[in-house]
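The values are calculated or read from the model by the stated rules, or taken from the named source; none is laboratory data. Remember, it's a predicted structure, so these values are computed and weren't measured experimentally. Because the Cβ atoms are built from the backbone with ideal geometry, glycine has one as well, and the counts that use them run over all protein chains shown.
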């Protein structure tokens, strides 16, 4: 057999030919370099003096330049200490809290949409939306928000008693799930002004509470959508067997469904954590000096001081390092969660 034939011949159906292996590994090496080089460049830039950054490029520490912790000291213990520590703490608290609450509420809602049947009347939903609009209008014309809310609830209950029997068309679980995910399709810039006015009236602007509530509302549909698909992949026979043995619905959910769903829960949590961690637009409108998050700090420093990459690289590394470490630590759960939830039948 010639050398050319050996290069292109496969040993078996599951093993690629030698030339296919070479091409595959070459592509993987190139792609790995493309992905990791920006992180490497951030790391070595954070170890440079300003003069090395401006007169470079220098690529190899101790060869092209002498590494230094000057930028790290400047950011963490120098002039930027107060502008870094508080936004970092705000980012950690807001991102972790909103992601955790979104996971708890979203997983519960997703399980309910998977195992229970809902048939809300379309007319009831329209009445509820009308009551919300009435509440907003009354608040905007100067009525106290508590009185406006009470009036809207009273109108809704009265109309429900009068018109409930005339409502015939119903929606299903799939309609509810689609409506939830459609809320995430809406660009944040389309609703940022109403959200701003809402928290302004509630005197919650520039607070972590406003950011947590907003991020929770934004990320909740993603959790519901992803976990709904994952719960559908869990055999219902396990739950039926437990129910026959006398387990309650809550016991089944906590003791059977959730342990089996750990990979999906971890993958979903990381998704919403990254979204909350990196969010910029909503934080720009809702936060100021007290509740400012790290993405705003990086943008503000770049705008006021210009592209001084020797300390910008430190801020960026501080921002992305925790998420990268969490992803590496939970990698096996993430991979399994993404695959299992995507396969049905």
_From the options 226, 211, residue that is touching a helix residue (DSSP H, G or I) at 6+ places or on another chain (Cβ under 9 Å), modelled with pLDDT of 90 or more, crowded, with 17+ Cβ neighbours inside 10 Å and assigned to a helix (DSSP H, G or I)_ = 211
*Hey, residue 247 farther than 29 Å from residue 135 by Cα and part of a loop (DSSP other than H, G, I, E, B) or not*: yes
*Failed item in (1) without any contact (Cβ under 8 Å) to a residue 40 or more places away in the chain; (2) under 30 Å from residue 115 (Cα atoms); (3) not assigned by TED's automatic domain parsing to the domain that holds residue 110, with residue 164 passing the rest*: (1)
*asked:* I'm checking my understanding of the structure. Among residues of region 53-69 that are in a helix (DSSP H, G or I) and without any contact (Cβ under 8 Å) to a residue 60 or more places away in the chain, which one is nearest to the chain's Cα centre (by Cα)?
replied: 54
*Of all residues in region 113-164, which are buried (at least 16 other Cβ atoms within 10 Å of the Cβ), in contact with a strand residue (DSSP E or B) (Cβ under 8 Å, 6 or more places away or on another chain) and in a helix (DSSP H, G or I)?*
none
*Kindly indicate whether residue 219 is modelled with pLDDT under 85 and within 30 Å of residue 99 (Cβ to Cβ).*
no
_Residue under evaluation residue 47, criteria (1) farther than 16 Å from residue 318 by Cα; (2) not assigned by TED's automatic domain parsing to the domain that holds residue 177, criterion not met_ = (1)
